[in-house]
Amino acid sequence: MNDLDRLDPRYRAILCDIWGVVHDGAQILPGAEARLLTWKTEGRCVILVTNAPRPADTVRADLDALGLSRSAYDAITSSGEAGIAALTDPPRPVGFLGTEEDRQDLVRRGALLSAGAFCELACTGLDEWRDDPADYRQQLEEWAGAEVIMHCLNPDRVVIHRGRREACAGALADIYEALGGQVLWYGKPYGPIYDHARSLAGSPPIDAMLAIGDGLQTDMLGAARYGIDAIYVSHGIHAGEPVPEDFALRHGLGGWRPMMTVDGLA
């Protein structure tokens, strides 16, 4: 029996990250499905919370393809859902940076993507041809100079995909801000995605919520700012690194620390 087997029954709502915790982009990670199912049988509500720049139904389809049982969780919320809502209310022409698959997702959900002039840009990540964020610098400089507002639909800087580190939209948004561009961020560590996850879980009290994730600047920082406890999965994007001793101090979190550090959900 490990610490996850003795989880305090007061945690009725589990807000669980997906990439690096449930799967690695290629397969469900060892023990992840069994752990989620165990929490469900204990009467806990499991909400999957992801910074994927895609709508929840697409994330669900991806999980289906990887073989994760839908009975292992209650609902999904994503940064893509929040970004799409902002981009389509009201509908207006916006530019796009990302993959063709992501483009199709946004169009399907009502985004008006323009190849012509635009004042706003939907950024879901890198495209299919350039895998180094530095390769986008000239393009980003042009947009920043034109005062284009970037909507960053995935604040993650990096993910582990099939064992390989890959840059995400957040890495491009960091460059854009450094160039003087304005960025609107969606997903973890920002409060609205936690509000949505909480509502999906039936609006439990704060002290009944528990976040689980492998990202220090997203999962852990978001949980701390929202005022909920967290479990840090160290063998995700940080490859076994512990939570830095000065993490709370650097972010003005007082004495906050994750309640537990685990290698994975097994």
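Each label was represented as a point 7 Å from its Cα along the Cα-to-Cβ direction; for residue 38 and residue 249 these points are 3.6 nm apart. Placing a label point 7 Å from the Cα of residue 88 along the Cα-to-Cβ direction, the residues of segment 97-130 whose backbone N falls under 11 Å from that point are 105-112. Expressed as a whole percent, the accessible surface of the chain that belongs to carbon and sulfur atoms is 51, based on a 1.4 Å probe.
Please work out how much length the chain gains when fully extended from residue 147 to residue 206, using 0.36 nm per residue of separation minus the C-alpha to C-alpha distance, in nm with one decimal.
Numbers: separation 59, 0.36 × 59 = 21.24 nm, distance 3.89 nm.
That works out to 17.4 nm of additional length.
Seen from residue 51, the other residues with C-beta closer than 12 Å to its C-beta sum to a net charge of -2, counting Lys and Arg as +1 and Asp and Glu as -1. The loop-placed trypsin sites (Lys or Arg not before Pro) in segment 146-235, going by DSSP, that have at most 15 neighbouring Cβ atoms within 10 Å of their Cβ come out as 162. The protection proxy used here, the mean number of other Cβ atoms lying within 10 Å of each residue, ranks peptides 134-143, 70-79, 174-183 as follows, highest first: 70-79, 174-183, 134-143.
The Cα center of segment 1-52 and the Cα center of segment 129-157 differ in position by 33 Å. With a Förster radius of 41 Å applied to the beta-carbon distance between residue 2 and residue 131, the computed FRET efficiency rounds to 0.65.
Heavy-atom accessible area per residue, the chain, 1.4 Å probe: how many Å²? Can you show the working numbers first?
Working: 11710 Å² over 266 residues.
Solvent-accessible surface per residue comes out at 44 Å².
Legend: calculated FRET efficiency, residue 119 to residue 62, from the Cβ-Cβ distance at R0 = 30 Å, rounded to 0.05, equals 0.40.
Taking Cα centroids, how far is segment 70-100 from segment 161-223 in Å? Their Cα centres are 14 Å away from one another.
What FRET efficiency comes out for residue 112 versus residue 26 if R0 is 35 angstrom and r is the Cβ-Cβ distance? Round to the nearest 0.05. Before the final figure, lay out each step's value.
Details: r = 34 Å, r/R0 = 0.96.
Step by step, r from the Cβ atoms, then E = 0.55.
Working note: 222 nm ellipticity from helices only, DSSP H runs with n ≥ 4, each -39,500 (n - 2.57), summed and divided by the residues of the chain, gives -8500 deg cm²/dmol to the nearest 500. Sorting the segments 185-194, 243-252 by their mean number of nearby beta carbons within 10 angstrom, highest to lowest, gives 185-194, 243-252. Sorting the segments 256-264, 16-24 by their residues' average number of neighbouring beta-carbon atoms within 10 angstrom, most packed first, yields 16-24, 256-264.
Across the options 71, 152, 222, the greatest Cα extent toward the positive end of the charge dipole of the chain (unit charges at beta carbon of Lys, Arg, Asp, Glu) belongs to 71.
The values are calculated or read from the model by the stated rules, or taken from the named source; none is laboratory data. It should be emphasised that the depicted structure is a prediction, and the values quoted were computed from it without experimental measurement. We place every Cβ from the backbone using ideal geometry, glycine too, and count neighbours over all the protein chains shown. Heavy atoms of the whole protein, side chains included, go into the accessibility calculation; ligands, DNA and RNA do not. Shrake-Rupley method; radii C 1.70, N 1.55, O 1.52, S 1.80 Å.
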